[in-house]
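Worksheet for the structure shown next.
The values are calculated or read from the model by the stated rules, or taken from the named source; none is laboratory data. Just so it is clear, the model here is predicted, and its values are computed rather than measured. Neighbour counts run over all protein chains shown; Cβ positions are idealised from the backbone, glycine included.
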Amino acid sequence: MRNDIEELWRRYESDELDAENAGEDEYEILEMFLDALEAGDIRAAEKHDGAWEANEWVKQGILLNFGLRNTEGREYGGVTYYDVLPLQETNDLPERGTRNTPDGTVLRRGAHIGSNGIMMSPSFVNIGASVGDGTLVDSCNTVGSCAQIGANVKLGANTLIGGVLEPVESTPVIVEDDVTLGAGCRVTSGFVVGGGSIVGENTLLTPRIPVYDLVDEEILYGHLPANRRAFTRFVESGIGDHDLFDGGAFKPAVVALDVENDTLEQVEREEALR
């Protein structure tokens, strides 16, 4: 499949192939590719030797599904919408122990949803995203294109997981196993949240905001280490001496501590409610 996708991408990039001249053979490859994404057989990013790396050819395949298809009117719930792809068939969710609530749980074609999970409405999982087994996607949540969400993760209500589709070599947002993100969190621009971490409500995790890791006593960008309790604080800004700022200026930062026993016990209580 990788060879087929890379050959289609070569033809697409050289303007030999487009939505007007793509035929049955090309679409058969694209459909098999989407099926493999949904099954979790291929992923937009994988961990190698402790570091996450993008699978460029997988992201190329996703982009081909936009570039080689025309927008069409499609029906869902008595409403016509217009897109290049249909929504995902979800008849197999009960077999995997995964449930979704009505009126607004949207799984786009090419997204992977694991077993024993919960999708609350409204929520949206985009193409190329992978949501692991036992994970809760709470109300008003978005899981962006190619984002990789691990197993036994809790995405609190109104959480935004950003998508990273282009450039194809860029690693998407990663949320590793057993992470809890509090309500209103934002994780963007390829940030990696280490396994077992608990992130406080309304925390913004992005490579442009420093993480002050008080465990290893270092300042990090783009990565929260595993097993941390993280929350937002404000630190002095370098522009604080400007005349326009009466009393100083401050910028957001993230503070990371060891996960404490009482914090883990609280998460376990919430897990029992599920």
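Tabulated data for the structure shown
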item	result
Residue selected from segment 121-135 under the condition surrounded by 21 or more Cβ atoms within 10 Å (Cβ to Cβ) and not in a loop (DSSP other than H, G, I, E, B), by the criterion farthest from the chain's Cα centre (by Cα)	SER123
Residue check for VAL58: under 22 Å from the mean Cα position of the chain (by Cα), under 30 Å from ARG11 (Cβ atoms), surrounded by 15 or more Cβ atoms within 10 Å (Cβ to Cβ) and of a type in the set (A, V, I, L, M, F, W, C)	yes
Residue within segment 218-231 that is farther than 21 Å from GLY132 by Cβ, at pLDDT below 95 and surrounded by 15 or more Cβ atoms within 10 Å (Cβ to Cβ) present	no
Test set (1) surrounded by fewer than 14 Cβ atoms within 10 Å (Cβ to Cβ); (2) among the acidic types (Asp, Glu); (3) in contact with a Gly (Cβ under 9 Å, 6 or more places away or on another chain) - GLU38 fails condition number	(1)
Selection within segment 111-120 - touching a strand residue (DSSP E or B) at 6+ places or on another chain (Cβ under 7 Å) and assigned to a loop (DSSP other than H, G, I, E, B)	ALA111, GLY114, GLY117, MET120
Considering residues of segment 70-110 that are part of a loop (DSSP other than H, G, I, E, B) and touching an Asp or Glu at 6+ places or on another chain (Cβ under 7 Å) only, the residue surrounded by the fewest Cβ atoms within 10 Å (Cβ to Cβ)	THR71
Selection count where residues are without any contact (Cβ under 8 Å) to a residue 40 or more places away in the chain, crowded, with 24+ Cβ neighbours inside 10 Å and part of a loop (DSSP other than H, G, I, E, B), scope segment 165-178	1
